[in-house]
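Student: First the structure, which I've put down as structure tokens, then a few questions once you've had a look.
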Amino acid sequence: MSMPPFLRDIEFAVDLSLVNAKGWCLDLLGHFLPDWTVVLASIVISGVAILALGPLVMMYLTLLERKVIGRIQNRYGPNRVGKWGLLQPIADGIKMFTKEDIVPAQADKIVHFLAPVVIVVPALMVFLVVPFGERMTAVNLNIGLLYFIAVSSITTIPIFMGSWASRNKYSLLGGMRTAAQMISYEIPMTLSVVPVIMMSQSLSTNTIVMTQVGDLDLHWFIFTPWGLVGFLIYFLCAVAECNRPPFDLPEAESELVAGFHTEYSGMKFALFYMAEYMNAFTLCGIATTLFLGGWQGPFFPSWLWFFGKTFALICVMIWFRGTLPRFRVDQLMGFAWKFLLPLTLINIPVAALWFFVPERLAWLYSIAIFAVSFWGLVKLNCAFVPEKRIYPLAD
Amino acid sequence: MEILELFSKIGIYATMALVLVFALGVVALRNLFHCALCLAAVLIGTAMIYVALHAEFLAAVQILVYVGAVMTLVIFVIMLTEHLGGKTIRQTNRQSPAAIIGLSGIVVLLGTLLMKTPWPVTAKALDAKVSVMSLGKALMGTYAFPFEVISVILIACLIGAIVIAKKDVSEKGPS
């Protein structure tokens, strides 16, 4: 990238401004406090930043969603509290806090209480490995990606706890649907990540971003055939994982009232919602990291690139919600097992082909393979529709 | 820095104690669903101990396989058999005295073995870190044959499960 050196310096300074601010704070503390408090303070600063970021992101995601959905449905969305409704999330928060907390008489009190508390923990824990910008990963684990997949797989258990402890048929049905859906979609999601691991030869989220460096910082994995297919599969699975439309069967309003959180009110309900929105954010963040080059990009500071790409993906999720009707249960399961799973399995050898064959030829081969397999899968998945019978003597 | 080490030591021992408490819960609680939740907690606690011992990969796999998949299946089964989930059952029966005798025998045996084994704590052993890459190379290189054998066995199990499940349907079905 050709750029005057002073511009480069400015970019670098803006880029690392947040990291530098933390370093400056620690230096200040180091002057008059013992060493171990500085280590502790470093942990606390990163921890508090993450703990504050999660709820903040969730609050404004709800506003963004309501605004965008409003525009899609040709109305304004919230615009009364503050300028452009900017204080709406805070008003909602106060409302949630002051609402009565209702626990069903037959409910299992302890588990009913624990479920919304536990569900926030994995949702916050995955923030640890998300690389928000250059040198802005809270913990650069060498198994970062595996950590993300493992921790986000815990989410099913608190959902089970909530649905079982409520002693409500709708809750139980919602919980069962969630489990079936999450188990099914976790498999193609995990497998769609494998080509990325193969190419970057690392599980660390930071290293994965680093391997997408190139001319103009645009050497993203999505610009390769396996990256594009992997991204599409990953993103569809991510939408299903956080139970958003069109995969929102676990909380289908028209069938199950509200699914697993039917019996929750006030702050407990808010916690379920918070976990859901934070999951949506981290799943999009990881999609950005894996396929869209993470914080790589020309001109702007790295964290701006990361948040821009992530929010673009979230807007696509909201767009899905505004556009698509809900799936049927059999369509949902069939889509995961009969379409996405075989496609991911094909994607892995294609990535291997990319590794060993020169680029032009690899493009040709992989497009051919994907075209044939896509056509075959669509053909195989076509349900048999019998011809319409004609009864000549009926009328 | 010693204070930090002390903190981490306290943390590890607290985790171990919690794991033991939850493990007791698995065998002592009367509600099956609570037992399953305790088991999940035990498995997560074990993963935390792995992390403390610098075996991050093992910890992640432990959570992914046991908590993410096995526990979900266990809870799923408990919820499918609805009256099992709500009912409370006794956790002891007439065979428990015999079981205690057998178990104490095993504890004594394992204890003596643990005491007799010399645990060589050298600098080399303390520094040993198994990276994911070396693990993968070992699986694909040195241990490729047993690895493949295990995968063949697993596939055989899967196909077997499908065949058994299918047979039932065709016998009972209308055709």
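Since every read-out is calculated from the coordinates, none of them should be taken as a lab result. Keep in mind the model is a prediction, meaning the values are calculated, not measured. Every residue, glycine among them, receives a Cβ derived from its backbone with ideal geometry; neighbour counts consider all protein chains shown.
Student: If a/c stays under 1.5 just call it rounded; otherwise compare a/b with b/c (prolate if a/b is bigger, oblate if not). Do that for region A:239-385, with a ≥ b ≥ c from the square roots of the Cα gyration tensor eigenvalues.
Tutor: oblate
Student: Still on this model: What is chain B's relative contact order, in percent, from Cα pairs under 8 angstrom and six or more apart in sequence?
Tutor: The value is 18 percent.
Student: Would you kindly work out the equivalent ellipsoid of the protein assembly as shown from its C-alpha gyration tensor and give its semi-axes, the square roots of five times the eigenvalues, largest first in whole Å?
Tutor: Rounded to whole Å, the semi-axes are 36, 36, 30.
Student: Pick from A:Glu186, A:Glu255, A:Glu65: which residue has the top mean-square fluctuation in a GNM of chain A where Cα pairs under 10 Å get a spring?
Tutor: Greatest mean-square fluctuation among the candidates belongs to A:Glu255.
Student: Over all residues in B:59-72, what is the mean tally of Cβ atoms on other chains that come within 10 Å of each residue's Cβ?
Tutor: That works out to 6 on average.
Student: What does the C-alpha gyration tensor say about the overall shape of region A:45-130? Classify as rounded when a/c is under 1.5, otherwise prolate if a/b is larger than b/c, or oblate.
Tutor: Oblate, since a/c reaches 1.5 and b/c is not below a/b.
Student: In whole percent, what relative contact order does region B:2-94 give with Cα contacts below 8 Å and a gap of six or more residues?
Tutor: Across region B:2-94, relative contact order equals 32 percent.
Student: Can you check what the Kirkwood hydrodynamic radius comes to for region A:148-273, Cα pairs only, in Å to one decimal?
Tutor: Hydrodynamic radius (Kirkwood, Cα only) of region A:148-273 equals 16.3 Å.
Student: Further, regarding this structure: Could you work out the relative contact order of chain A? I mean the mean sequence separation of Cα pairs under 8 Å and 6+ apart, divided by the number of residues, in percent.
Tutor: Over chain A, the number comes to 20 percent.
Student: A further question on this structure: Once every Cα of region A:100-381 carries one equal point scatterer and solvent is ignored, give the base-10 log of I(q)/I(0) from the Debye formula at q = 0.09, 0.10, 0.13, 0.14 Å⁻¹, two decimals.
Tutor: Once normalised to I(0) and log-transformed, intensities are -0.45, -0.55, -0.90, -1.02.
Student: For a bin width of 10 Å, list the pair-distance distribution of chain B built from all Cα-Cα distances, rounded to whole %.
Tutor: Computed distribution, short to long bins: 8, 17, 30, 28, 13, 3, 1, 0.
Student: Step through the table entries A:Lys67/A:Lys99; A:Lys338/A:Lys388; A:Lys109/A:Lys169; A:Lys109/A:Lys268; A:Lys99/A:Lys268, compare each Cα-Cα distance with 19 Å, and write down the pairs that go over it.
Tutor: A:Lys67/A:Lys99; A:Lys338/A:Lys388
Student: Give the Rg/Rh ratio for region B:2-94, taking Rg as the radius of gyration of the Cα atoms and Rh as the Kirkwood radius, to two decimals.
Tutor: 1.08
Student: Whole-Hz Karplus ³J(HN,Hα) for region B:29-46, in order, using 6.51 cos²θ - 1.76 cosθ + 1.60 and θ = phi - 60°, x for Gly and Pro?
Tutor: 5, 9, 9, 4, 5, 4, 4, 4, 5, 4, 4, 4, 5, 4, 5, 5, x, 4
Student: Shifting gears a bit: Amide H of A:Gly293: which non-local residues (sequence gap of 5 or more, or other chain) have their own amide H closer than 5 Å, using H built in the peptide plane?
Tutor: Amide H neighbours of A:Gly293: A:Phe221, A:Ile222.
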